[in-house]
Amino acid sequence: MRKLFFAGAGMAVLVSAGCATTSQESQNMATAPQPAAPAAPAAPEQANPLLAKWAGRHGGVPPFDQVKVELLKPALEAAMERTRGELAAIVNDTSAPTFENTLVALEAAGKTQNDVETLYGIWSSSMSGPEFQALEREMAPKMAAFSDEIYQNEALFRRIEAVYQAPDKAKLTPEQQRLTWLHYTRFVRSGAKLDAAAKQKLAAINQRLASLYTSFSQNVLADEEGYTVVLGSEADLAGLPDSVRAGAAAAAEARGQKGKWIITNTRSSMEPFLTYSSRRDLREKVWRNYVNRGDNGDARDNNVIIAEVLKLRAERATLLGYKTHAHWRLENAMARTPERAMELMEAVWKPAVARAHEEVADMQRAANTEGAKLKIEPWDYRYYAEKVRKAKYDLDQNEVKPYLQLEKLREGMFWVAGELFGFSFTPVTDVPVFHPDVRVWEVKDQASGRHVGLWYFDPYARKGKRSGAWMNAYRRQERFQGEVTTIVSNNSNFVKGQPGEAVLISWEDASTLFHEFGHALHGLSSNVTYPSLAGTAVARDYVEFPSQLLEHWLSTPEVLNTYALHYQTGKPIPQALVDRIKKASTFNQGFATVEYLSSALVDMKLHLAGSTPIDADAFERDTLKALGMPKEIVMRHRTPQFGHVFAGDGYSAGYYSYLWSDTLTADAYERFTEGKGAYDKDVAALLRKHVFSVGNTLDPADAYRAFRGREAGIQALMRKRGFPVPAAPEKAAK
């Protein structure tokens, strides 16, 4: 999840949440000088439509039909100038600092900038061509410099500090006190208390990091678009189901190679090929393309960038008074310290590795039985795991996939949102979109008919769009200056089929679909006063909790019986098949956990290394060896393509967050199953009240305790994954 924050949440730029890499594009600034974006002709503000207040129904909508790349730079520059003026008005107020004239004014500042940078962020993640990439390389350091300009504004900070330290702060509402704390700590953590020389050094570090992040992401996108595997004959398609063949044919046609098939270098294309292709030589080729993104020893290789990023992050942490970058990042997370995060990861790592070894042994037996005469390698894992799944559980993913139609599952998500959150979704066509694939729904409260917000859906992969899946907030909910409703989106990279054909997705992709919709519901449920505290603007290791929790509803009988319909017959998925899916729910959890957790551990260890010079490839290799990483598995995100961590600060020293959140998720879902089941209205009401609606108005640990009645332990997580369950700690005597 990426958050570009400036001083106020009125100035919270594009907010993204979800399991995703950051935007990925094409050139390596670290290895070759890059041309600046073409200078746009100067134009008065009123001539630039991107600076206008969002107009239209639904409280105003993004003017996607007005966006041109050449308009973005002048719009960004003009918007930053407006923000300067708004902040100057706060600083120049001669009256004593108060919550109203400082914090509320700060919340109101930067709205134009927020709107323009939302458009800029969408083009970065979803519409990135060469012209935009040149603009991004130019603007990234400028935007970082402007952020530092705000955080290093001493007069502005002194006013915030005065409100934070005022004796009558206790008279503020809890939400107002939380907002005051948030702004004060954000400024301090961003260097507001440094001396002039240190501030200058910090600004230089941040600007350089912004350029490096852009180069990193552009390099990965270039490797994703530049490396494909072209299949030219039926023999190359051996083992592939019709849905995978159709997607590969569509990908080839889109690249001007009609009559052939192309496996693109993205997860949504790679995973099904590795699962079903009986051509081991092609599996290895597809796998190597994917795991070597950003690591091909060419002009787009990211290893030099990673070394510099780590060096600069360590310098910044020292400058700000922290032991390491990891200690700085986790200070205001739920975990608080890297040590607590490591404790959780290490508790899960050993059982996960043990399970993975068992899975490999099962697969090796399957390969031996069919006379394959091979030793399981990483490009074999998914293929033979599928064979073991079929043998152990009589469950073939090819048998499940015909029932998993993208559009029907979307309808199922809407139904779940109605049952748990009281939302209804109605298609709207009166708003502009940034690509013809994007569709929009109005979200209302079922009981009152009140407008809640808009949900944009951009489901398909295309050139210039980053891989993965994510949620965006184009506008946050707020009501401190009138009711403002939210606008959110879900973005995926499913392979688009032929017109009129159902798009079939895997069970894992269906889980991801529900996951990202959980982020959207978190944003849509927001019920706070100030935008800085709204929706998904919560601690990094808490934001994945609502989204991971929603994944549980995919497998409920109510969803499967009604929305898992065969794409040809329209018949619901048979109960016997549902039972087999449930029975196999913990299958392959060794692989899934090790694949993810190895990435999280390497991320944390990289950032605990402090100022030690890092060779990324060597560090990754040596760390995994010391951890006892099974050689048949690779990290879910190898370091040279780890966009979560190196295309921005977002998940740096924070990829552990998914495991931390899943600890809460597993425990929270047991609250439902201990009651009347997944659709228990009373538990759902508690979830909305204490988790989904409150944003960052209170400490997440307090919010979770209010919902659950206690803290979460690790026991539910281990049950969920099918690992040995440790004894619960004894309760302290009262």
Per residue, how much accessible area does segment 623-734 show when a 1.4 Å probe rolls over the protein heavy atoms, in square angstrom? 40 Å²
Of the accessible area of the chain, with the probe set at 1.4 angstrom, what percent is carbon plus sulfur? 53 percent
Given H placed on each backbone N at 1.01 Å, which residues far from Phe423 in sequence or on other chains put an amide H within less than 5 Å of it? Gly418, Gln446
Neighbour-limited loop hits for GluC sites (Glu not before Pro), segment 463-540 (at most 16 other Cβ within 10 Å; DSSP other than H, G, I, E, B): Glu483, Glu501
I'd like the Karplus ³J(HN,Hα) series for segment 614-629: coefficients 6.51, -1.76, 1.60, θ = phi - 60°, whole numbers in Hz, and an x wherever there's a Gly or Pro. 10, 9, 4, 4, 5, 4, 4, 4, 5, 5, 5, 4, 5, 6, x, 4
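For segment 319-458, what is the charge dipole size about the Cα centre, in debye to the nearest 20, if Lys and Arg each add +1 at the Cβ and Asp and Glu each add -1 at the Cβ?
Using Cβ point charges on Lys, Arg, Asp and Glu, segment 319-458 gives about 380 debye.
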Compute the helix-to-body angle for 303-319: its Cα long axis versus the longest principal axis of the chain, expressed 0 to 90° and rounded to tens. 40 degrees
Skipping prolines and chain starts, which residues have an amide H placed within reach, meaning under 5 Å, of the one on Val428, given they are 5 or more residues away or on another chain? Val440, Trp441, Glu442
The answer for Gln405, listing residues at least 5 apart or on another chain whose modeled amide H is closer than 5 Å to its amide H, is Leu565
Taking Cα atoms, how many degrees apart are the long axis of helix 69-91 and the longest axis of the chain, rounded to 10 and kept between 0 and 90? 40 degrees
Mean Cα-pair separation over length for the chain, i.e. relative contact order, pairs under 8 Å, 6 or more apart, %: 18 percent
Ordering 212-221, 74-83, 435-444 by per-residue average of other C-beta atoms within 10 angstrom, highest first, gives 212-221, 74-83, 435-444
Would you mind checking the tilt of helix 154-165 against the longest principal axis of the Cα atoms of the chain, expressed as 0 to 90 degrees and rounded to 10? 80 degrees
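Sort 528-537, 484-493, 255-264 by packing, meaning the average of other beta carbons within 10 Å per residue, with the highest value first.
Put in order of decreasing packing, that is 528-537, 484-493, 255-264.
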Sort 357-367, 453-463, 196-206 by packing, meaning the average of other beta carbons within 10 Å per residue, with the highest value first. 453-463, 357-367, 196-206
Based on alpha-carbon centroids, what's the gap between segment 81-97 and segment 345-370 in Å, whole number please? 61 Å
Return the subset of Lys260/Lys408; Lys390/Lys625; Lys258/Lys285; Lys444/Lys583; Lys582/Lys605; Lys392/Lys465 for which the Cα-Cα distance in this structure is over 27 Å, preserving the input order. Lys260/Lys408; Lys390/Lys625; Lys444/Lys583; Lys582/Lys605; Lys392/Lys465
Expected field for His690, accessible surface area in Å² at 1.4 Å probe radius, rounded to 10, holds 40 Å²
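The values are calculated or read from the model by the stated rules, or taken from the named source; none is laboratory data. All figures in this text were calculated on a predicted structure; none of them were measured in a lab. Please note: Cβ atoms are built from the backbone with ideal geometry, for glycine as well, and neighbour counts cover all protein chains shown. Surface areas here come from the heavy atoms of the whole protein model, side chains and all, with no ligands, DNA or RNA. Shrake-Rupley method; radii C 1.70, N 1.55, O 1.52, S 1.80 Å.
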